[in-house]
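A quick write-up on the structure given underneath.
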Amino acid sequence: YHPDKQKADAPAREVEERVQRFIEIDQAWKILGNEETKKEYDLQQREDNLTKEWPLHAQISLEDMSWNEDEQCYTLSCRCGGNYTVFRSETKDVSLVCCDTCSLVIEIL
């Protein structure tokens, strides 16, 4: 797909599509090649997948969850008997949290 590797007699439309594909690959490489932007991308993909596949149970603020000082995490009981857990280190990065025993998800506001 590299622009320098195009055939000289290729149709303009094909060349344009290949250049566009090269730009997409380059952008992906820049995102995934940087640890910080890759982390952001992975979190966004995780959220997107969760909202598509798992039902949203509730929207909760961290203040509505119980703080566990020993484990440094917030927890909330799920209606199934399981728990939603958000560790202190994740509070700025996580907006969707899965129950540890069922398929329900809460959104952290």
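The values are calculated or read from the model by the stated rules, or taken from the named source; none is laboratory data. Quick caveat, the model's predicted, so the values are computed rather than measured. Cβ atoms come from the backbone with ideal geometry, glycine included; neighbour counts cover every protein chain shown. Calculation scope for accessible area: heavy atoms of the full protein, side chains included, ligands and nucleic acids excluded. Shrake-Rupley method; radii C 1.70, N 1.55, O 1.52, S 1.80 Å.
Compared with the dominant Cα axis of the chain, that is its longest principal axis, helix 12-32 is turned about 40°. Pairs from the list 38/92; 7/38; 39/92 with a Cα-Cα gap above 23 Å: 7/38. Which Cys in the chain stand alone, with every other cysteine's Cβ at 4.7 Å or more from theirs? That list is 73, 98. Amide H contacts for residue 96 (H built 1.01 Å from N in the peptide plane; partners 5 or more residues away or on another chain; cut-off under 5 Å): 108.
When peptides 66-74, 80-88 are sorted by average Cβ neighbour count within 10 Å, with the highest value leading, the order is 80-88, 66-74. Between the helical axis of 35-53 and the longest alpha-carbon principal axis of the chain there is an angle of about 70 degrees. Computed over protein heavy atoms with a 1.4 Å probe, the carbon and sulfur contribution to the accessible area of the chain reaches 47%.
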